[in-house]
Amino acid sequence: MGIFSRMTDIINSNLTSLLDKAEDPKKMIRMMIQEMEETLVEVRSSTARVIADRKTTGRRLERLKADIQEWEKKAVLAIEKGREDLARAALSEKQQSEKEMDGINAELGNLDEHLEQLNEEIAQLQSKLDDAKAKQKALLMRQSSVENRLKVKRQSHRADISDAFEKFERFERRMDHLEGQVESMDMGATSKQDLHAQFDELENNDAINDELARLKDKMDKQS
């Protein structure tokens, strides 16, 4: 891709859109800035060459102007001396120089137009480069902010988890203490309670047996 094609692509590009579509915006904008800087260096080098050509062409124009004046003076001198033939020759040289000067003026016009275009494109390219660097700075600041927020969130999350485990452990210790109190109150009374329960069961069995015998006797009498 030529330098001016690259420059046109850069100037016409939508940096925000390109970054939004990029998988890695940080890498993408770094590459874009590098491309812009390299292109800007090349454009400035081309501009320097055009300026040098403009200066050289300008000096040629000044020399031609001096030659034209000189040939006119010679033509006047020839006429004064009665040498019309020399006057005609001097005027012919003057006309040749004037034609060459017209060509140089046209060349200077093209160079000036080219320089004006380059100056405008350099300004646009510099503006794009400044914009890209500003976006890069904003992107880096945003990344740093997100990383800091994530770090704080992780620390806060770890603190919340630690606090939750600590509360749960305190609750378990409290339950252990309450259960210990209950079990300590039951200690020593277990055997006595079991004995009472056994006698109660015997009494209940006797009552059930008596009720069962009564129902059987009643049913026999009815039959």
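The values are calculated or read from the model by the stated rules, or taken from the named source; none is laboratory data. The structure presented is a predicted model; accordingly, all values stated were derived computationally and were not measured. Using ideal geometry, Cβ is built from the backbone for each residue, glycine included, and neighbour counts are taken over all protein chains shown.
Which one of these is of a type in the set (G, A, S), part of a helix (DSSP H, G or I) and touching a helix residue (DSSP H, G or I) at 6+ places or on another chain (Cβ under 7 Å): A132, A138, A106, A123? Spell out the reasoning first.
Numbers: A138 fails: touching a helix residue (DSSP H, G or I) at 6+ places or on another chain (Cβ under 7 Å); A106 fails: touching a helix residue (DSSP H, G or I) at 6+ places or on another chain (Cβ under 7 Å); A123 fails: touching a helix residue (DSSP H, G or I) at 6+ places or on another chain (Cβ under 7 Å).
None of the other options fit; the residue is A132.
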(message) Please verify whether R6 is within 21 Å of E116 (Cα to Cα), at pLDDT 90 or above and part of a helix (DSSP H, G or I), treating the condition exactly as stated.
(response) no
(message) Quick check on this structure: which one of A78, A138, A134 is without any contact (Cβ under 8 Å) to a residue 24 or more places away in the chain and over 29 Å from D24 (Cβ atoms)?
(response) A78
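Scan segment 48-87 residue by residue and report those that are more than 30 Å from N119 (Cβ to Cβ) and either of a type outside the set (A, V, I, L, M, F, W, C) or in contact with a Cys (Cβ under 6 Å, 6 or more places away or on another chain) (or both). It would help to see each step written out before you state the result.
Quick first cut of segment 48-87, residues more than 30 Å from N119 (Cβ to Cβ) only: 66-87.
Of everything in segment 48-87, those that are more than 30 Å from N119 (Cβ to Cβ) and either of a type outside the set (A, V, I, L, M, F, W, C) or in contact with a Cys (Cβ under 6 Å, 6 or more places away or on another chain) (or both) turn out to be D67, Q69, E70, E72, K73, K74, E80, K81, G82, R83, E84, D85.
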